[in-house]
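The structure appears right after this line, and notes come after that.
The values are calculated or read from the model by the stated rules, or taken from the named source; none is laboratory data. Fair warning: this is a prediction, and the values are worked out from it, not measured in the lab. Note: ideal-geometry Cβ built from the backbone for every residue, glycine included; neighbour counts use all protein chains shown.
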Amino acid sequence: MDIKSLKGVGEKTAALFQKLDITTTEELVRYYPRDYEQFAKPVSPDEAPLGEIAAVDGQIVGNVATRHVRGLSITTFQAVCEGIRVHMTYFNMPYLKNSLKRGIPYIFRGRLQKKGDHYAMEQARIYKPEEYRKLLDCLQPLYSTTKGLTNNAITKAMRQAVSLVDLSADPLPDSIRKEQGFCSLEEAVKQMHFPTGREVLVKARERLVFDEFFRFILVLRKMRDISEQTQNSHPMIQVAQTERLIEALPYRLTGAQQRVWGEIQDDLTSEYTMNRLIQGDVGSGKTILAFLSLIMCAANGYQGAMMAPTEVLARQHYETLSGMIKKYQLSIHPVLLTGSTPARERKEIYAQIESGEADMVLGTHALIQEKVAYHNLALVITDEQHRFGVRQRENLMHKGNVVHVLVMSATPIPRTLAMILYGDLHISVLDELPADRLPIKNCVVNTSYRQTAYKFIEKEVAAGRQVYVICPMVEEGEMEELEDVGSYTLKLRHALPESIQIASLHGRMKPAQKNRIMEEFAAHHIDVLVSTTVIEVGINVPNATVMMVENAERFGLAQLHQLRGRVGRGDKQSYCIFISKSERPETMKRLKILKESNDGFYIASQDLSLRGPGDLFGIRQSGDLKFVLGDIYQDAALLQRASDWADKILAEDKELSGKEYQVLRESLARDAIKEVDFRTI
């Protein structure tokens, strides 16, 4: 059913839902809360945990005052809570001056801070005691919103949708449900949105996370069966060009690079088709191995294609490879094909690819468009492959006749998980960094360090360097307690000198706009880039020396490490500043792992050991393999169970042809057409 069939959802609201990729009631019920609000009893400020959400009851004393600073209205007043004064501050809420009354009891709910010798709250929600009593101990869903669409509006629409959408056909076979003690799909979805208690919520989430992993692994296993032990249709021999290039490079390959290059050569010259993943930290030297593979392919008379997740990165790869070909006089003809390639030039490139004149093709998704016909494609390389999706990688593979596949990822995942998640690939690990790489200097601090950080950013920019600032949210209002790109960009423009060029970047921008900003940053027309995690991959700026991450407590360690990989790419000392709003000992202990180590695989293993099923939401995994609900670290045990069940079922019924699997088979086929479940994996 169309989302407009719901009461209260007209054209305007439907357009806002569309921004969240929701156009039908079925898509709406699959849009799960990103967290839940639990209203606890009010406590004394002395008993409330600092930096955490808490409720305090009190009365306003003195005047409610509003002042204006640079177009911003700031309303302040004092509240006495159990004999203790708390300084209250509100931004852009001048109406509070007229609506709040002295001497009347209120409950203030927000993040309590201690500034010097007094307590303070900013933007605390205000409730009448009788309103607050109704909410006590309830779990209220919190959804990721967009400007103009409130959490309340989504919740109202969700209540209708959950009662309308038919979820009685359960794709998970009865045998698994019974043995694992899972609730039905219908019950799981209802409890995810409107839980009747924490225990049932944990059970509902467990069921839905298992579903996600199970379905993903089934698709992966089918791909492995197709690719495993496939005869090599493009046999190659080792060539002198690659050895000469290795000798001529201005640096020596590390031991790990030499080992992995040997594995790639063995694959390309063996009787079976290559399906290999190279896992390695940023800076471990994956790209040169990709170039060597493309050169070996071209020297054997075949075509090779390399697909990058962004136009900026594709262009950087093309320019680096072209420079190398010219410098070392290699007889190879590369072309660059992206979404913004002009129509006339694109037509010429199509002809060069089809005739075989172009023996190396670099680009983005444009490489798998229907109009691109390859002459004799033998090798496909995908950089940061999770950005394309399993099915998109499949599309590129099918551009040739059973081609060799090389996948590269900078996200370090513990081997036990990698063997499940990359089940269709053999895994090579680059676990060594070049000797001349300067280690990044890290610090983990609270929000009181911000002004010092701003001064440091100013100093680095004055020295000709560039800076990344990461915020978890795109715009104000999505999650009130978190920093967002829009507001933070304005905040920095006030805090830093006007001479510093500041720009913002996030995933909701149009591709052309994102590319333009990344290119301007790469060309140093921008000094400070405020961004979401969209910059995890897709940009290489050796001049960037500072990475500052706001709300670091909200990210997984592996993702923070991935973000840190954006700096330290040049010969200058680089720094990473992790700012945490939470000062809980366990939060600071977790973040200090990043301070102590720059080893991605060690950090990933620590991330795995520190997560547990008790933390339902909040900390997400790295950009690799983003599931809707599942987290590969927190839900590692569920991932293993899903993998075991997928293997068991496929061993008994490879085609899932049995009656018990009918709903599962049909839903997998439906998703294959829509490419919904797996497009971000």
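Some notes on this structure:
- Top-ranked residue in the stretch 570-608 [being farther than 23 Å from P434 by Cβ and hydrophobic (A, V, I, L, M, F, W, C); ranked as surrounded by the most Cβ atoms within 10 Å (Cβ to Cβ)]: F578
- If you check E11, E27 for being out of contact with any Ser or Thr (no Cβ under 6 Å at 6 or more places or on another chain), of a type in the set (D, E, K, R) and within 30 Å of F627 (Cβ to Cβ), only one passes: E27.
- Taking residues in the stretch 451-464 that are farther than 15 Å from A544 by Cα, and partners anywhere that are part of a loop (DSSP other than H, G, I, E, B) and among the aliphatic types (A, V, I, L, M), the pairs with Cβ atoms closer than 8 Å and at least 6 places apart or on different chains are Y454/L496.
- Set P129, P105: member being touching a strand residue (DSSP E or B) at 6+ places or on another chain (Cβ under 7 Å) and either in contact (Cβ under 8 Å) with a residue 60 or more places away in the chain or basic (K, R) (or both): P129
- Boolean, P195 is under 19 Å from C297 (Cα atoms) and in contact (Cβ under 8 Å) with a residue 24 or more places away in the chain: no
- Failed item in (1) touching a Phe, Trp or Tyr at 6+ places or on another chain (Cβ under 8 Å); (2) over 30 Å from I420 (Cβ atoms), with F213 passing the rest: (2)
- Residue within the stretch 330-337 that is within 20 Å of D383 (Cα to Cα) and modelled with pLDDT under 90 present: no
- Given (1) surrounded by 21 or more Cβ atoms within 10 Å (Cβ to Cβ); (2) in contact with a strand residue (DSSP E or B) (Cβ under 7 Å, 6 or more places away or on another chain), index of the condition E271 fails: (1)
Here is a yes/no grid of residues against (1) of a type outside the set (S, T, N, Q); (2) in a helix (DSSP H, G or I); (3) modelled with pLDDT under 90; (4) assigned by TED's automatic domain parsing to the domain that holds I368:
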{"position": "K399", "(1), (2), (3), (4)": "yes, no, yes, yes"}
{"position": "I413", "(1), (2), (3), (4)": "yes, no, yes, yes"}
{"position": "A418", "(1), (2), (3), (4)": "yes, yes, yes, yes"}
{"position": "A435", "(1), (2), (3), (4)": "yes, no, yes, no"}
{"position": "T452", "(1), (2), (3), (4)": "no, yes, no, no"}
{"position": "F456", "(1), (2), (3), (4)": "yes, yes, no, no"}
{"position": "G477", "(1), (2), (3), (4)": "yes, no, yes, no"}
{"position": "G507", "(1), (2), (3), (4)": "yes, no, yes, no"}
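- Failed criterion for T146 (all others in (1) touching a helix residue (DSSP H, G or I) at 6+ places or on another chain (Cβ under 8 Å); (2) at positive phi hold): (2)
- Elements of type strands (runs of 3 or more DSSP E) in the stretch 271-389, at least 2 residues being more than 22 Å from K514 (Cα to Cα) and touching a residue at least 40 places away in the same chain (Cβ under 8 Å): 275-280, 303-307, 360-363, 377-383
- Filtering the stretch 458-475 to residues that are buried (at least 17 other Cβ atoms within 10 Å of the Cβ) and at pLDDT 85 or above leaves E458, E460, V461, R465, Q466, V467, Y468, V469, I470, C471, P472.
- A single member of I526, I539 is outside any helix (DSSP H, G or I), closer than 30 Å to T341 by Cα and in contact with a Leu (Cβ under 7 Å, 6 or more places away or on another chain), and it is I539.
- Among the helices (runs of 4 or more DSSP H) confined to the stretch 574-681, the ones with at least 1 residues that are modelled with pLDDT under 85 and within 30 Å of E52 (Cβ to Cβ) are located at 585-596, 600-610, 636-652.
- Within the set K128, K147, K178, the sole residue that is basic (K, R), at pLDDT below 95 and under 27 Å from T25 (Cβ atoms) turns out to be K147.
- For the stretch 551-571, a residue qualifies if it is touching a Pro at 6+ places or on another chain (Cβ under 6 Å), part of a loop (DSSP other than H, G, I, E, B) and over 17 Å from C443 (Cβ atoms), and the qualifying residues are R569, G570.
- Residue match in the stretch 238-259 (condition: over 19 Å from V403 (Cβ atoms) and touching a Ser or Thr at 6+ places or on another chain (Cβ under 6 Å)): no
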